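The values are calculated or read from the model by the stated rules, or taken from the named source; none is laboratory data. Note that the structure is predicted; figures quoted are calculated from it, not measured. Note: ideal-geometry Cβ built from the backbone for every residue, glycine included; neighbour counts use all protein chains shown. Surface areas here come from the heavy atoms of the whole protein model, side chains and all, with no ligands, DNA or RNA. Shrake-Rupley method; radii C 1.70, N 1.55, O 1.52, S 1.80 Å.
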Amino acid sequence: MEPGQAPDPAAAGGEGSGGHAPRVPAREVIRDRPAGNRVARIVVILAALAVVVVGAAGAFTATRQSVVHPAGVTADKLLKVQMESVQRQLSAQVPARSTIYFSKNNSSLWQQRIVEFATMDGIIVVLDPARAEFRLSLVKTTAAESAGGLRLVVQRNG
Amino acid sequence: MLALLAAVVMILAAGLPTGYVVLRDLRLALLVAPLITALSAAVSVMLMLIVGGRLLWWLGPLLLVQWAVAPVLLRRTAGAARPPHRSWADVLWLTVPLLPPFLLVIAPPVQWDANSIWFLHAAYFTHGAPLAREYLGLPSIDFSHPDYPPLASSTIGAVWGVLPGYKLYVAQIVSATLNFSAIAMLGYAVRVVTGRAPTMVSRLAAAGVALAAWGEAPFVVAGGLSDALWATAFVGAALLLLLRPDPLRRPVLALLLLGVAALTKNEGLIMAVALALIATVRLWRQLRRAAILWLPVAGGVVWSVLARHFGAKSDVTSDSNIGGLLRLDPTVYHKLRPTLTAIWTQVGPMVAVSVAVAVLGGIFLRRQRRAQGLGSDLWLWLVFLAYLFFLTLTYVTSTSNLAWYLGTSAFRVALPFALLAAASAVCWAAVAASGGRARGKRPLPPWSEPGPGATGEGPAGSSTPAAEAAGPDSGTDEWPGGRAEPGTRGVQEAVPGLR
C-alpha cells in the first residue's frame, strides 16, 4: 500500500467488522500490525548486528596481530633497525642545515626516508645534484658493519 | 618507555582544563583532552607560520591562557547542564573495547604514510617559522602532501619539541592517542544520540561503531596514520549535528570534532564544508545561530590559504583533470567503474545491509525514531552521498595511475562510509530495541539533563515550557518534505498502540 492511501476497510477492521470499521490512515495501519512490526524490529536488530560485526573485523585483525606479533612482523622489525641505523648515520655524517642530493638509484622507500630524517636535522634535500653540498646513497653491507645491513655513503660535492 | 608515557601524559594534561570546561566531567575530559591539545597545536603552527617564532613559543602561552581561563569559564557557567552518560560504566564501555586492537601501537613505527607524511611534517614544524616555510614549498617533499592540514603533525612536533631526539615510537604513540581520543568521542556521540534506547543497547551501539574505526586497515589507528582521526571525528560531529534534536544547544563538542576533521586531512576539510552546509540546511530556521558551524571550516580554510601561500602543492588540485571531466573526456569517465568497484570491494556489502536496515526502519520504525528524539536518518545518508561524490570525483579526475592510486588508498579512505553505515544501522537498532519506548515520560533532548542548580539554557533551549512541550521533534528535526509533527506529544501519545 502506498503511504497516504486509504486502507481497505475490511482489512483494517478484520473479521467480524462487517465492513463498518472506521477508515484509518495508512500510518495507523502500519502501527496496528504488531506482528509485522515485531518481525521488522528483529530483522533490523540482527542486520545491524551483522553490520557491526563486519565493521569490527579490522579491530579483530588488529587485536590478533598485536597478540601474535606483539613486536611486529619480522620484515617490519628489520626495517625499523635499518631506519634507526640510517637516521644515526645521516646525523653523524651530514652537518645540520646543509643541502644534500640523494641518489635516484635507491628505492622510493629510502628516498622518502632520507628526506624524513634529513628534515629532522634541518637538512635540505634538493632535486638538482649540482645544488647540493653532499651527495648521498645507500649501499648494502653486512649487518656486522652497519646495523640492518645498510651503509650511508656521503660524498662532498665538487 | 618513559618517553612514551611522558608523551601521553603531556597531551592529556595540556588539553584537560579545556576538556573539563567542555564536558564538565573529569573522565570524559580525559578522553577529549588529546583532541584539544591537537587543535591548540594546529592553531599554534598557523600562528607560527603567519607571525614567526617557534611552535612551542606559541603553544605554551596558548595552553597557559586556556588553563587560566578555564576556572573563570567554569565559575561563570556553573549552573549549565552537564552532558549525559558520564558514569564510570559508560566511560569503560567507551574505552575498554578499544584497548585490545590499540595494542598494535607497540608494533614498529614503519608505516609508509605515517613516516612520509605525518612524521615528516612534524619534523619541519619543530624547526621554527623560517625553515618550516621553506620546507612547505620544497619540491623534494612534494611526495608528502605538504598541503595536508597540520593537526596531527603539529601535535607530534610539539611533543618532539619537549622530548628531543625525534623518536619514531613517540610520534606513533602521540598519533595513536589522538586516534583513540577521536574514536572514543565517536562512541560517545553514538551514546548521546541513542541515549533514549535501553542503556545496554546504547552502550553496545557506541562500542560497535567505535570498533568499526579499524575498518579495512587494521594498522591505521595505531600505526601513525590520520585517516581514522579525521573520519571518526567527522562522523562523530555528523551524529551530534544531524541526529540530535537541537544541536545548537550544546554545540561545542560537535564543533570541536568538526574542527579536528577540517584540520587533519584535505578530505576532512572538504567534508567539513559539506557537513556544515547540510547542518545549516537542517537548521535553516536558526541561520544566525547556525553560523557558528562554519567556524571550524574557517580554520581549515586559513590553513589551506597559508599552505598555498608558502608554495605547498596539493596532488588533488595540481594533478587533477577537472577539464577532462567537463569536456566529457572518455578517459576520465572510464575511471568511474573501477573506482566504484574498489569502493564497493571495501565497504559494499556492509553498506548494502545498512541501506536495507534504513529502508526497513524508514517503513516500520520512523515514528518510533521521532519519538526517541533522533533526527532523520536521511541526513546521514546525504553526508554519505556527498563523500561518495567527492571521493569518486577525486579518483576519476586524478592523473595518477588509477590502479596504484586505488590500491594504496581505497582501503583507508573508505572508512567514513563504513562508519556512517554502522552509525545509521545501530541507530535504527537502538530504536527497534526500544520497542518504541523511550526512558522517561517525555522525550527531552539527550543533552538537556539539568545539573545541580541548573538555571536553564539559551534562547532556543528546551528548558522553556514551550520548547519542552514541543519535544525533540520541534523546529529543527525536519527533513524537507517530511516535516515533523508539531505539538505537545509524549512518547505514548506520539506512538499510540505502543507501550
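Numerical summary
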| quantity | calculated |
| --- | --- |
| Sulfur and carbon atoms: percent of accessible area, segment A:32-119 [1.4 Å] | 64 |
| For segment B:13-137, size of Cβ-based charge dipole, Lys and Arg +1, Asp and Glu -1, in debye | 480 |
| Heavy-atom accessible surface of segment B:250-305: percent carbon and sulfur, 1.4 Å | 79 |
| Cβ-Cβ FRET estimate between B:VAL301 and A:ASN157, R0 fixed at 51 Å, reported to 0.05 | 0.75 |
| Between helix B:168-193 and chain B: long-axis angle, C-alpha atoms, 0 to 90°, nearest 10 | 20 |
| Calculated FRET efficiency for the pair A:VAL73/B:LEU26, C-beta based, R₀ 35 Å, to 0.05 | 0.35 |
| Principal-axis tilt of helix B:2-23 within chain B, Cα atoms, nearest 10 degrees | 40 |
| Cβ-defined net charge surrounding B:ALA210, 12 Å radius [Lys, Arg +1; Asp, Glu -1] | +2 |
| Cα-projected label distance for B:PHE389 with A:GLU84, points at 7 Å along beta-carbon direction, nm | 5.0 |
| Potential extension, B:ALA6-B:TRP284 segment - 0.36 nm per residue separation minus Cα distance | 95.5 nm |
| Computed label-point distance, nm, for sites B:VAL162 and B:LEU325 using a 7 Å Cα→Cβ extension | 4.2 |
| In the B-A interface, the accessible area buried, summed over both sides, Å² (probe 1.4 Å) | 4600 |
| Distance between modelled label sites at B:LEU340 and A:GLN93, nm, 7 Å Cα→Cβ extension | 5.3 |
| Förster radius 30 Å - calculated FRET efficiency between B:LEU402 and A:ARG64, Cβ distance, rounded to 0.05 | 0.40 |
| Crossing angle, helix B:26-51 versus chain B [Cα axis fit, 0-90 degrees, rounded to tens] | 40 |
| Over chain B: helical MRE at 222 nm, DSSP H runs n ≥ 4 each giving -39500 (n - 2.57), nearest 500 | -20500 deg cm²/dmol |
| Between segment B:1-34 and segment B:381-431, the Cα center-to-center distance that results, in Å | 31 |
